[in-house]
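To start, the structure itself, in structure tokens.
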Amino acid sequence: MGQLQDMGRQVIKNNEKAADTIYQRKPGGPEMVAPVMKMLVTFTELLVQSGKVDADHSLQMQEWQTNFSRLAEANGQGDYILVADILHHDLNREIEEWIK
């Protein structure tokens, strides 16, 4: 569980950095999205390995998958403000729930 919590905190930190960069329209914001998405995939793999993804968490996992899909779609469309919103408001909140 410690590894999952550590990874979760790191993902939140990176999500916030990417979202802040995008919101402030600083250079490099869009380029930060791919590494952030890769960390989200790694976090998801750790969730599965930790056993947290079970019948009791099926709705939580469905919400996670939906928001990750929204993130990928927004990124594909170049809507980086929506990407930042999803990272900051949706996925970070969900990560907090997962690592409790």
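Work through the residues other than G28 whose Cβ is under 13 Å from its Cβ and net out their charges, Lys, Arg +1 and Asp, Glu -1.
Counting the neighbours of G28, the net charge comes to +1.
Taking the Cα centre of segment 1-98 as origin, sum charge times position over the Cβ atoms of Lys and Arg (+1) and Asp and Glu (-1), and report the length of that vector in debye to the nearest 20.
380
Can you tell which of H57, V33, Q5 lies farthest toward the positive end of the dipole of the chain, using +1 and -1 charges on the Cβ of basic and acidic side chains (Lys, Arg; Asp, Glu)?
Of the candidates, V33 comes out farthest on the positive side.
Tell me, in nm to one decimal, what length is gained between E31 and A55 on full extension, where the rule is 0.36 nm per residue of separation less the Cα-Cα distance?
5.0 nm
Give the whole-number value, in cubic angstrom per residue, of the convex hull volume spanned by the C-alpha atoms of the chain.
Spelled out: Cα convex hull of the chain, divided by residues, is 78 Å³.
Taking only C-alpha pairs under 8 Å that are 6+ residues apart, what is the relative contact order of the chain in percent?
The normalised contact order for the chain reaches 41 percent.
For helix 33-50, report the angle its Cα long axis makes with the longest principal axis of the Cα atoms of the chain; keep it between 0 and 90° and round to the nearest 10°.
Approximately 0 degrees, to the nearest 10.
According to a simple spin-label model (label point 7 Å from Cα along Cα-to-Cβ), what is the distance in nm between Q65 and E97?
Going from the E97 label point to the Q65 one covers 1.5 nm.
Accessible area of segment 3-90 with a 1.4 Å probe: how many percent of it is carbon plus sulfur?
Answer for segment 3-90: carbon and sulfur cover 52 percent of the accessible area.
Show which lysines lie in cross-link reach of K52 when reach means a straight Cα distance below 18 angstrom and same-chain residues fewer than eight apart are skipped.
Candidates past the 8-residue exclusion: K100.
Protein chains only, probe 1.4 Å: how do V33, V53 rank by accessible area, largest first?
The ranking, largest first, comes out as V53, V33.
With everything on Cα atoms, drop me the angle between helix 2-23 and the longest principal axis of the chain, reported from 0 to 90° to the nearest 10.
Relative to the chain, helix 2-23 is tipped by roughly 20 degrees.
Would you please name the trypsin sites (Lys or Arg not before Pro) within segment 16-82 that are DSSP coil residues with at most 13 other C-beta atoms within 10 Å of their C-beta?
Passing both the DSSP loop test and the Cβ count: R25.
The values are calculated or read from the model by the stated rules, or taken from the named source; none is laboratory data. The model shown is predicted, which means the values in this text are computed figures rather than measured ones. Reconstructed Cβ throughout: ideal geometry from the backbone, glycine too, with neighbour counts over all protein chains shown. These accessible areas exclude ligands, DNA and RNA; they are computed on the full protein's heavy atoms, side chains included. Shrake-Rupley method; radii C 1.70, N 1.55, O 1.52, S 1.80 Å.
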